[in-house]
Amino acid sequence: MEPGSPQPAPPGRAAAPRRGRLRASPGGGGFVATAQREQWSGRLGFVLAAIGSAVGLGNMWRFSYLAAENGGAAFMILYVFMTLGIGMPILLAEMVIGRGARRGPIGALAHFGGRSWQPLGWLFVAAGFLILAYYSVIAGLTLRYALHGLLQGFEGDAAAQFDQVSTGVSAVSWHLGFMAITVGIVMGGVKAGIERTALVVMPLLFVIVAGLALYAATLDGAGPGYAYYLSADFSKLLDPRVLTDAAGQAFFSLSLGMGAILTYSSYLDRSHHLPNESATIAFADFGVAFVAGLVVFPLIFALGLEAEVGDSTVGALFITLPHAFESMGGAGRVVGVLFFAALVVGALTSAISLLEVVVATAIDSFGWSRPRAALVLGVATAALGIWPALDLDVLGRMDYVAGNLFLVGGGLALAVFVGWIMDDPIGEVETGAPGVPWFALWRLLLRAVAPLVLAVVLYYSLAGLVSA
Ligand code: TRP
């Protein structure tokens, strides 16, 4: 436990911001925030919040469908390589920058690299805006399905239902509702808002997902479901599309490439063993993604709905699965509500981290108060999200640009930054983690391997954009 913050305590969670609380802008940017920066209460709080950021919609549906479409176990091998060889080193890089600088992305990059790196920080913040805007639309849908499932059950004609609720007034309303919850939590601050939420809901998510996987194993469709999910098609390993999907997914799932983990790490003290914590986060993230696949496919195969899979990933989540839950009667309703509740929880803790990047930047760089930053920027993001909520094509395009271009490009820049620009990254990690032997390997991965692989990925992603 570290001593309570010397600042006036952050105002109550969802309390409306009061203008009188605003601090004058420091003008120079940064020093107010560094002197009295908020902090996590300890290791567990930080790790769970970071896992909360990583585990989200990306794990619970994007991963399993990508795996099934892209050659099952073959995709998994590429994905694990991307996660271990590229994702984890960059995860550690973000943690080192954030903890060392104790600022949001813009201030942190300037701290270690000079002013010329600030624009990259702005790109990160822009990516956060963009991702949260459409992420919240899908998250709003999960909230809708969870509550409707609970109160009224799942609808028989899931496809017609989805057409009705996935765009238009309904989608906009649920998106706005979800954003309101996110803003309320971020307003509460690092400890009372973000950390407390993660401490409560993340264990719940683990229990639900594990329980559902055990249940799914008892279903008749379990065997063929697993086979569909995991069967290895190694010819796919040579397909550049699979490579870019694996890389984009690794970044998206680990919340990498736009400063989310960097920002969370800026609330750490220097005693943390960052390599251990980065490994914990990455393994938890992969674990949930893998197990979620063990839930999804047995369910679908148990009801013979496999023909419905594959049109679109969003469709599979909101049409095929609700259809399955509906056909399973009472048990299906319980399973379905739990499944969507886990999705809501995962999406919420991820959305919080996306908003926190933008909010921390406004606090650090403009001297805004937290409630003001959360409210103003939350409303701005919510407004941008109305567009994808009215048009699923827009949503898909935003996802492609954000995931495959911004995040991969951001990861490339971060690898170069820590590998080549930052003065003594190894010294930074060693604070709190003395004498870990593979730091030289880490640096090599950042200097050479990650930039090369990511440059190839970026090339194919751009080519995909042009040909789309
Ligand atoms: N990782 C989250 C998921 O898998 C999404 C997410 C949260 C994210 N924060 C992020 C993605 C930052 C990219 C960057 O659903």
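Computed from the coordinates by the stated procedures, all read-outs in this text should not be read as laboratory data. Here the structure is a predicted model, which means the values were calculated and not measured. Positions of Cβ are backbone-derived with ideal geometry, glycine not excepted, and every protein chain shown enters the neighbour counts.
When the charge dipole of the chain is built from unit charges on Cβ atoms (+1 for Lys and Arg, -1 for Asp and Glu) and taken about the Cα centre, the candidate among V401, L109, V466 whose Cα reaches farthest toward its positive end is L109. Computed on the chain, with alpha-carbon pairs under 8 angstrom and 6+ residues apart, the relative contact order is 34 percent. Shown is the FRET efficiency for L465 and Q118, computed with R0 = 30 Å from the Cβ-Cβ distance and rounded to the nearest 0.05: 0.70. Taking only the C-alpha atoms of the stretch 403-468, Rg followed by Dmax gives 14.6, 49 Å. Here the alpha carbons of the stretch 136-248 define both size measures, Rg and Dmax, at 19.0, 50 Å. Take each peptide in 398-410, 240-252, 455-467, count the other Cβ atoms within 10 Å of every residue, and average; sorted highest first, the result is 240-252, 398-410, 455-467. The gain in end-to-end length when the V456 to V401 segment is fully stretched comes to 18.2 nm, 0.36 nm per residue minus the alpha carbon separation.
In plain terms, the bigger the Kirkwood radius, the slower the diffusion; for the stretch 236-356, with that radius from Cα pairs, at 10 °C and 1.306 mPa s, Stokes-Einstein puts D at 94 µm²/s.
Pairwise alpha-carbon distances in the stretch 347-424 exceed 17 Å for 64% of all pairs. Look at the dipole of the stretch 311-468 built from charges on Cβ: of W387, T349, H323, the Cα furthest out on the positive end belongs to H323. Applying 1/(1 + (r/R0)^6) with R0 = 22 Å to the Cβ-Cβ distance of D393 and S170 gives a FRET efficiency near 0.80. With the convex hull of the Cα atoms taken as the outline of the chain, the averaged projected area works out to 21.0 nm². Taking only the alpha carbons of the stretch 317-464, we obtain Rg and Dmax values of 21.2, 61 Å in that order.
Its Cα gyration tensor gives the stretch 184-256 an equivalent ellipsoid; the semi-axes, largest first and in whole Å, are 34, 23, 6.
Three principal axis extents describe the C-alpha atoms of the stretch 69-228; from largest down they are 58, 41, 30 Å. Only alpha carbons enter this Debye calculation for the stretch 215-289, each as an equal point scatterer, and the log10 of I(q)/I(0) it gives at q = 0.20, 0.27 Å⁻¹ is -1.01, -1.25. Mean residue ellipticity at 222 nm, helices only, the chain: -21500 deg cm²/dmol; runs of at least 4 DSSP H residues each add -39,500 (n - 2.57), and the sum is divided by the number of residues.
Contact order, relative form, for the stretch 132-272: 16 percent (alpha carbon pairs under 8 Å, 6 or more residues apart, mean separation divided by residue count).
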